[in-house]
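The values are calculated or read from the model by the stated rules, or taken from the named source; none is laboratory data. Note that the structure is a prediction, hence the values are computed from the model and not measured. Reconstructed Cβ throughout: ideal geometry from the backbone, glycine too, with neighbour counts over all protein chains shown.
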Amino acid sequence: MKRLSLLAAALIMVLGMAVSASAAPEVSISGNLLVNAVWMNNWDFRDGTNDGAAMDIVERADLYFTVTANENLKGVLGLRSDKGSWGDADFGLDRPGGADRAQLNIRDAYIDFNWPGTDVNVKAGIYTVALPQSVGSASMILAERAGAVMVSAPVTDNVSVLAGYTRLFNDNNTTGNTLGAVTDGEDFLDGYLVAVPLSFEGVSATPFFLYANGGQNFAANNEEITAYWTGTNFTMSLFDPFIIKADVNYGNLDADTEALDASGWLFDLGLDYTGFDFMNVSAYFVYTTGNDDDAANGAETMPILNGDWAVGSFFFGGGSITSDDINGGDTPMGFWTIGLSLTDIQSFAQGLTHDFHVLYAKGTNDSDLGVAGQTLGSYLTDDDSLWEVDFNTAYAVYDELTLYGQLGYINSDFDDDVWGNNVDNDAWKFATGVVYKF
């Protein structure tokens, strides 16, 4: 009987281990719901085309599922709804839930795991691929979702290495390419990334190198292209509460036709002061090279893939809600800017904070080249400049619910000889919205 009891106990232990090993994964749900109204005036900087205070109400939803098997393995599925304006198409009267209903689409879908017994991490699927950036919201070159596989591993306590592949564009399975022409299966753009994150006491940087090659039908028929970008970000907190930030980027695109070539660079420098307990102070200077007056030898601006860089919250992007800025992070190359930001200003009521931005920007693109094919308000020549002032407010009603308000004003000086005589130089916005994060 004693032997039977011991055997039963052993069986229970084995079954318990088996159940534990095959336990159902943990599923967590997160996301947000967002409603935003924005009043806009003269965002195209043209006299007589948008003089009234146009108003738009936009809604969007995100829904994320994270399935965690254990500390070394998880999968993430993120869905995002169409961003629609009330009254239009899918968001009009009797449209939501009907035949023209707004859609939930895949935004992120990836597997994240550590190789057994090591600190080597593998991330494969669709997620944000971003190059390092210290000044501004994100990289000018690349900071967007794409299909990718990235492998990262520590080398020492202070040095890591990341390497990966990303397919940035692929239209090989259709009959049209980026120009709408018939392809022969060479309509793609692939990227290969190597980065070395460095982190020492008070100093961090991530040098990187990104190489991309495109099929002969990606940019133009029978036009093969190669491109590369290199640089580093830099942050130093040795003099805390003063924090020094900087970025240096260089990009080069080489095509069969010289007029399609492009090469240029970015340099920026920022200084943060975090010694106040009621706000943070940031000053910055950013410079990007601009085109010269000879289009035949290609562009002198840094080629970009799909960045999400912004300073301020109006002209360059940076709006904290949605559809409440002009360029939306798609930064036009060929400018320099200097600015000051006061952020997370603690107000008179608990949960009430403010941000204040003031900046000056001027173009570095040669006005003698002309602006054919360019859009006023998203391209700056060396005869164009602007001032921007923003004042934004956030109120945390609950930890998960925030009300936003944004005021922005731009006083620009776009040259009439370059853009025509119907330029209107003042633009403004007022935006208010509510976000529920769960």
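Hey, can you tell me all the residues within region 266-300 that are in contact with a Gly (Cβ under 9 Å, 6 or more places away or on another chain), among the charged types (D, E, K, R) and in a strand (DSSP E or B)?
268
Across region 195-222, which residue is modelled with the lowest pLDDT among those that are polar (S, T, N, Q), within 23 Å of the chain's Cα centre (by Cα) and not in a loop (DSSP other than H, G, I, E, B)?
213
Quick check on residue 428: is it over 18 Å from residue 37 (Cα atoms) and surrounded by 15 or more Cβ atoms within 10 Å (Cβ to Cβ)?
Taking the combined requirement at face value, the residue does not satisfy it.
Can you confirm whether residue 263 is in a strand (DSSP E or B), among the polar types (S, T, N, Q) and modelled with pLDDT of 95 or more?
Answer is yes for this residue.
Checking the condition more than 20 Å from residue 234 (Cα to Cα), among the acidic types (Asp, Glu) and modelled with pLDDT under 95, which residue from 171, 119 passes?
Testing whether each residue is more than 20 Å from residue 234 (Cα to Cα), among the acidic types (Asp, Glu) and modelled with pLDDT under 95 leaves just 171.
Specify which of the listed residues (253, 260, 238, 210) is touching a helix residue (DSSP H, G or I) at 6+ places or on another chain (Cβ under 8 Å) and either without any contact (Cβ under 8 Å) to a residue 24 or more places away in the chain or over 28 Å from residue 412 (Cβ atoms) (or both). Quick ask: steps written out before the conclusion?
Values: 260 fails: touching a helix residue (DSSP H, G or I) at 6+ places or on another chain (Cβ under 8 Å); 238 fails: touching a helix residue (DSSP H, G or I) at 6+ places or on another chain (Cβ under 8 Å); 210 fails: touching a helix residue (DSSP H, G or I) at 6+ places or on another chain (Cβ under 8 Å).
When all the criteria are applied, what remains is 253.
For (1) in a strand (DSSP E or B); (2) under 19 Å from the mean Cα position of the chain (by Cα), each residue gets a yes or a no:
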{"residue": "109", "(1), (2)": "yes, yes"}
{"residue": "117", "(1), (2)": "no, no"}
{"residue": "129", "(1), (2)": "yes, yes"}
{"residue": "138", "(1), (2)": "no, yes"}
{"residue": "148", "(1), (2)": "yes, yes"}
{"residue": "160", "(1), (2)": "yes, no"}
{"residue": "168", "(1), (2)": "yes, yes"}
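Picking from 413, 383, 390, 366, which residue would you name as being of a type in the set (Asp, Glu), at pLDDT 95 or above and touching a His at 6+ places or on another chain (Cβ under 7 Å)?
Values: 413 fails: touching a His at 6+ places or on another chain (Cβ under 7 Å); 383 fails: touching a His at 6+ places or on another chain (Cβ under 7 Å); 366 fails: touching a His at 6+ places or on another chain (Cβ under 7 Å).
The unique qualifying residue is 390.
Does residue 66 fit the bill of being in a loop (DSSP other than H, G, I, E, B), at pLDDT 95 or above and over 22 Å from residue 310 (Cβ atoms)?
No: the conditions fail for residue 66.
Where in region 315-425 are the strands (runs of 3 or more DSSP E), entirely inside, with at least 2 residues that are of a type in the set (Phe, Trp, Tyr) and under 30 Å from residue 83 (Cα atoms)?
By residue number, 385-396, 401-413.
Restrict the check to region 378-389 and report whether at least one residue is among the aromatic types (Phe, Trp, Tyr), within 24 Å of residue 267 (Cα to Cα) and within 22 Å of the chain's Cα centre (by Cα).
Yes, region 378-389 contains at least one residue that is among the aromatic types (Phe, Trp, Tyr), within 24 Å of residue 267 (Cα to Cα) and within 22 Å of the chain's Cα centre (by Cα).
Out of 187, 157, I need the residue that is charged (D, E, K, R), surrounded by fewer than 12 Cβ atoms within 10 Å (Cβ to Cβ) and at pLDDT 75 or above. Which one? First the steps, then the outcome.
Numbers: 187 fails: surrounded by fewer than 12 Cβ atoms within 10 Å (Cβ to Cβ).
The match here is 157.
Take residue 358 and decide whether it is touching a Leu at 6+ places or on another chain (Cβ under 7 Å) and either surrounded by fewer than 18 Cβ atoms within 10 Å (Cβ to Cβ) or under 29 Å from residue 294 (Cα atoms) (or both). Full working, then the answer.
Numbers: touching a Leu at 6+ places or on another chain (Cβ under 7 Å): yes; either surrounded by fewer than 18 Cβ atoms within 10 Å (Cβ to Cβ) or under 29 Å from residue 294 (Cα atoms) (or both): yes.
Yes.
Does residue 225 count as buried (at least 17 other Cβ atoms within 10 Å of the Cβ), out of contact with any helix residue (DSSP H, G or I) (no Cβ under 7 Å at 6 or more places or on another chain) and modelled with pLDDT under 95?
Numbers: buried (at least 17 other Cβ atoms within 10 Å of the Cβ): yes; out of contact with any helix residue (DSSP H, G or I) (no Cβ under 7 Å at 6 or more places or on another chain): yes; modelled with pLDDT under 95: yes.
Against the criterion (buried (at least 17 other Cβ atoms within 10 Å of the Cβ), out of contact with any helix residue (DSSP H, G or I) (no Cβ under 7 Å at 6 or more places or on another chain) and modelled with pLDDT under 95), residue 225 qualifies.
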